[in-house]
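The values are calculated or read from the model by the stated rules, or taken from the named source; none is laboratory data. Given the structure is predicted, the values throughout are model-derived calculations rather than measurements. Ideal geometry is used to build each Cβ from the backbone, glycine not excepted, and the neighbour counts take in all protein chains shown.
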Protein chains: 2
Amino acid sequence: MHVFYTPDISHSEYILNEEESRHCMKVLRLVIGDLVHLIDGRGGLYEAEIVGESKKNVTLRVLKTTAEYQKRNHSLHIAVAPTKNIDRLEWFLEKATEIGIDQITPLICDRSERRIVKEDRLNKVITSAVKQSLQAYHPVLNEAVSFASFIGGQSADYKMIAHCMDDEPRRFISQISSPGKSYLVLIGPEGDFTPGEIQLALQNDFKPLTLGNTRLRTETAALAACFEVNYLNR
Amino acid sequence: MHVFYTPDISHSEYILNEEESRHCMKVLRLVIGDLVHLIDGRGGLYEAEIVGESKKNVTLRVLKTTAEYQKRNHSLHIAVAPTKNIDRLEWFLEKATEIGIDQITPLICDRSERRIVKEDRLNKVITSAVKQSLQAYHPVLNEAVSFASFIGGQSADYKMIAHCMDDEPRRFISQISSPGKSYLVLIGPEGDFTPGEIQLALQNDFKPLTLGNTRLRTETAALAACFEVNYLNR
């Protein structure tokens, strides 16, 4: 069944905007009587029927509503240095949405080659993955922020920083944390966090983390953390 | 340190081919006396020094050899339906190489939209990831094969098929298998394996598998399996 993202849904009738309506009629070739899924991004999953088609707008009637669809009992926030090649960050956003993530913050670090991201474009990648994988909760993409201004005010049950400095003791997520909690994981740029950043994180109660003994790219490391938290919580 | 893939290394001196030599001198701008890593793809990791540069060839002298570098005590083979968009399969190959995989077989299934892959090109993606993530073992990419001809003759400690049919009982990899073994996981195309394929797999002692309760794309499912087997074995 085709899926539409309808964050502003509030009644049992919903009118798709012009772009979505065109997509619905011209590309998907759906007609009156066809059933579709709607997702509001806040846990609501709806089954709806097409009840009207005008030139510009498709009207839907909600037949069935499921609240808190596949609600998780944990919450995962990953703050990750944007990759130089933005495709790699987009790829991470798509995969993390499929697997399960609640919040992403692009983290501008000392060694970040990329210091600017287009949140609009990244959000579109997330929305597309939300629809494709039928996630009723839309992950929240925060604005990009510098490491220094991010690190202080964070509250989560488990705050962790993944880094590659072999001489420091580091543990796996599953050794540090238990299920059903909130997790915040920091993932650094290619070239890793600087010793100063790691120090600052430790001072702010972040626990040092390893994701295994292979060299991972930034986006792979971020996804490995996402896998591991979801694995811990299933 | 820069890394070169030298599968044909056999002596303490090694001459890079013309393409690699040009890359070494012109792009990386390495000069006599610089140190590099060599990987033979069969577990050998070498530290070598540039001892000669001619117009066409760079000569290296091996200073230090490590055999069975990061040898794993388990073995993972994933047979996966090639994605319609080949980028998605390439992406999986890169990420699986980073995380840890031994063998990949492109599996042509009843519902496969793509039935032909260019193994040469896919192998280049793997080699590039091998160098980037410093993997001394080069994963083996087998030739594409049809589901029916693949399914019979496979031996592995754990043979598993991931599918999405909700009415069949399925378990997680970690519930089915224990560490330190050989694992073979089958991942189907978008649209899943057919009931007939699943039946055939079960008849051949494959255990039905789930990778979690979210809808995963083919390449995400394959990577989730790769992650889980490595998680189980660390």
Among the residues of region A:16-69, the number that are of a type outside the set (Gly, Ala, Ser) and part of a loop (DSSP other than H, G, I, E, B) is 14
Some residue of region A:99-106 being modelled with pLDDT of 95 or more, outside any loop (DSSP other than H, G, I, E, B), assigned by TED's automatic domain parsing to the domain that holds A:Leu211 and charged (D, E, K, R): no
One residue from B:Leu184, B:Leu209, B:Leu202 being within 14 Å of chain A (Cβ to nearest Cβ) and among the aliphatic types (A, V, I, L, M): B:Leu209
Options A:Pro106, A:Pro139; residue that is in contact with a Ser or Thr (Cβ under 6 Å, 6 or more places away or on another chain) and under 30 Å from A:Arg42 (Cβ atoms): A:Pro139
Which of the residues that make up region B:46-68 are surrounded by fewer than 20 Cβ atoms within 10 Å (Cβ to Cβ), closer than 16 Å to B:Asp8 by Cβ and hydrophobic (A, V, I, L, M, F, W, C)? B:Val62
Among helices (runs of 4 or more DSSP H) completely within region A:149-234, the ones holding 2 or more residues that are loosely packed, with under 14 Cβ neighbours inside 10 Å are A:195-203
Scan region A:110-131 and give yes if some residue there is within 25 Å of A:Lys181 (Cβ to Cβ), of a type in the set (Gly, Ala, Ser) and at pLDDT 95 or above, otherwise no. yes
Does B:Glu13 count as surrounded by fewer than 14 Cβ atoms within 10 Å (Cβ to Cβ), of a type outside the set (Gly, Ala, Ser) and in contact (Cβ under 8 Å) with a residue 40 or more places away in the chain? yes
Counting only residues in region B:69-120 that are of a type in the set (D, E, K, R) and away from chain A (no Cβ under 14 Å), the one surrounded by the fewest Cβ atoms within 10 Å (Cβ to Cβ) is identified as B:Asp120
